[in-house]
1. Given the Cα-Cα distance of residue 67 and residue 51 and 0.36 nm per residue of separation, how much length would full extension add, in nm?
2. Can you give me the distance in nm between label points at residue 60 and residue 27, each placed 7 Å from the Cα along the Cα-to-Cβ direction?
3. Determine the gain in length on full extension of the stretch residue 43-residue 11; use 0.36 nm per residue of separation and subtract their C-alpha separation, reporting nm with one decimal.
4. From the P(r) of region 22-90, could you give the percentage of C-alpha pairs in the tail past 21 Å?
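Every number here is computed from the coordinates shown, using simple stated rules; none is lab data. Quick caveat, the model's predicted, so the values are computed rather than measured. Counting neighbours? That spans all protein chains shown, and the Cβs are built from the backbone with ideal geometry, glycine included.
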């Protein structure tokens, strides 16, 4: 495996090429690992970036709604409705 990059939090990634000449990306986390094609690695990277952005947006919304004078559970429902609407836009 070449070009290993320590990603922190126990994640490592690297690249290589099979004896048959097929490129691959290796992903290691905890005691697990996976070998995927470059195309699948790019898709995974895009999905991880989108999930990270969503998590940050959710945290911002939750922080905002928690500061409001809303009845118990109301802000959670508003976030769920907002997320459902976001899914319809895609």
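1. 3.3 nm
2. The answer from the label model is 2.5 nm.
3. Taking 0.36 nm per residue and subtracting the Cα distance, the gain is 9.8 nm.
4. 48
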